[in-house]
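Visitor: Structure in structure tokens, see below.
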Amino acid sequence: MSGLTAIHSSAEQTAIPSVEQLPSQVGYAPGLGYSLAVLSVLCNAVAIHIFRRVLDVVPPYTLMPLNVAVGIPAFLLLAVLWRRRGWRAANLERLTPASMLRAMHTGGWQMALSFTIGGVGGLLYLVSLKHFGPDLSSFLGNGTVVILVLAGLYGRERLSALELATIAAIVVGAFTFSWRGGNLAWGALGLMALSCCGTAVKHLSVKYFSMDYGIGTMVAVNMTFMGLTGLVSGLVAGAHMLPPIGMMGLIVVGTLIGPVLGMTMLYGSYTLIGVSRGAPIDAMRPLAVLVISIVLGMADLGPLQLLGGLAMLIGSALLASQGTRKR
């Protein structure tokens, strides 16, 4: 899905997305911070199911620019509200059309390339969501945290025995969760492995560029590049189509609930309680997706899949909670 998150691990940072080192801070407020983190998980889970319904009618590469058409104006309106209220959570008060243009201009080809790679990752997620459903795609999507941690090895970070065991448990859990009808869902595994790599590049890039432009501006810029990636992909495929009015309403609702409100609450929670507390909660997003599927009568899981899913949830939450790693 449209997962819009943070980026590049520097010499003194962990590979997990961090906004604790951004200039705008509002302090430690556990009650509100945890509430925002939980609400973010629920909002994003609902949005995933909405987008799965939309994808029955609208191609993935058409959905992405429509997300941008709804999401960017909504983010800019939220930024106006942030400035009027004097709020600083998630640096959203720094977002303006001028800040977006300035970031894209000075970021150059490095920003364009990294966010385009992230856009491809988002497109592949939507393809998986369309063909393999929300449960499998969401659980496999937690593999992004593994990619981020492994990326830290290039920064000469050292992984503990517990972290290596946790990564192994997540990988085994992914294969176990993907065992369907006596066969592995190789298509989903392949799509989501590539999607997680692209999403990890996006996270690293958002984090890196946010140091200069603020997380709010970079989330909006990233969303713009994701929309452009979908637009160009659809033009190349020659298969763009406008959705029916009713389906456009679902797109508007899903975009506002997930990519806009859900991600704003997530980054707001990070500034209130820190990434080490907020990220493990966000790692529970697939569980919320699964619960909604069960309520809707869409889930088709046996004991083996539940065991694999549990291993992935616990493992990704443990990895997401780690602080700076040893060198």
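The values are calculated or read from the model by the stated rules, or taken from the named source; none is laboratory data. All values reported here derive from a predicted model rather than from experimental measurement. As a convention, Cβ positions derive from the backbone with ideal geometry for all residues, glycine included, and neighbour counts pool all protein chains shown.
Visitor: What are the pairs with Cβ atoms under 9 angstrom where one residue, in segment 70-87, is surrounded by fewer than 20 Cβ atoms within 10 Å (Cβ to Cβ) and the other, located anywhere, is aromatic (Phe, Trp, Tyr)? Sequence gap at least six, or different chains.
Guide: Pairs that qualify, where the first residue is surrounded by fewer than 20 Cβ atoms within 10 Å (Cβ to Cβ) and the partner is aromatic (Phe, Trp, Tyr), are 81/87.
Visitor: While we're looking at this one, here's another question. I'd like the full set of residues that are of a type in the set (A, V, I, L, M, F, W, C) and touching a Ser or Thr at 6+ places or on another chain (Cβ under 7 Å), limited to segment 227-245.
Guide: Start the filter on segment 227-245 by keeping residues that are of a type in the set (A, V, I, L, M, F, W, C), which leaves 228, 231-232, 235-237, 239, 241-242, 245.
Result: 241, single match.
Visitor: Can you tell me which residue in segment 289-310 is farthest from the chain's Cα centre (by Cα), limited to those that are crowded, with 20+ Cβ neighbours inside 10 Å and modelled with pLDDT of 85 or more?
Guide: Initially, segment 289-310 is screened for residues crowded, with 20+ Cβ neighbours inside 10 Å, giving 289-290, 293, 305, 308-309.
Now drop any that are not modelled with pLDDT of 85 or more, which leaves 289-290, 293, 308-309.
On the way: 289: 14, 290: 17, 293: 20, 308: 21, 309: 18 Å.
By that ranking, first place goes to 308.
Visitor: Among 179, 186, which is the only one that is surrounded by fewer than 23 Cβ atoms within 10 Å (Cβ to Cβ), under 18 Å from residue 311 (Cα atoms) and among the aromatic types (Phe, Trp, Tyr)?
Guide: Result: 179 is the single residue among 179, 186 that is surrounded by fewer than 23 Cβ atoms within 10 Å (Cβ to Cβ), under 18 Å from residue 311 (Cα atoms) and among the aromatic types (Phe, Trp, Tyr).
Visitor: In segment 214-255, which residue that is under 20 Å from residue 83 (Cα atoms) and part of a helix (DSSP H, G or I) is modelled with the lowest pLDDT?
Guide: Narrowing segment 214-255 to residues under 20 Å from residue 83 (Cα atoms): 214-221.
Add one more test, that the residue is part of a helix (DSSP H, G or I), and what stays is 215-221.
Numbers: 215: 85, 216: 88, 217: 92, 218: 91, 219: 90, 220: 93, 221: 94.
Only one residue fits best here, namely 215.
Visitor: Quickly run through segment 57-69 and pick out the residues that are assigned to a loop (DSSP other than H, G, I, E, B) and either among the hydrophobic types (A, V, I, L, M, F, W, C) or without any contact (Cβ under 8 Å) to a residue 24 or more places away in the chain (or both).
Guide: Passing the criteria: 57, 58.
Visitor: So, residue 108, is that one of a type in the set (Gly, Ala, Ser), assigned to a helix (DSSP H, G or I) and either free of Cβ contacts under 8 Å to residues at least 12 places away in the same chain or on the phi > 0 side of the Ramachandran plot (or both) or not?
Guide: yes
Visitor: Going through segment 109-138 one residue at a time, which ones are buried (at least 21 other Cβ atoms within 10 Å of the Cβ) and among the charged types (D, E, K, R)?
Guide: 135
Visitor: Looking only at segment 241-288, count every residue that is of a type in the set (S, T, N, Q) and either touching a strand residue (DSSP E or B) at 6+ places or on another chain (Cβ under 9 Å) or free of Cβ contacts under 8 Å to residues at least 40 places away in the same chain (or both) and tell me the total. Step through it out loud before you land on a result.
Guide: Filtering segment 241-288 for residues of a type in the set (S, T, N, Q) gives 255, 264, 269, 271, 276.
Of the ones still in play, those that are also either touching a strand residue (DSSP E or B) at 6+ places or on another chain (Cβ under 9 Å) or free of Cβ contacts under 8 Å to residues at least 40 places away in the same chain (or both) are none.
The qualifying residues number 0.
Visitor: Shifting gears a bit: Please go through segment 204-223 and pick out each residue that is out of contact with any Leu (no Cβ under 8 Å at 6 or more places or on another chain) and surrounded by fewer than 20 Cβ atoms within 10 Å (Cβ to Cβ).
Guide: Across segment 204-223, the qualifying residue is only 212.
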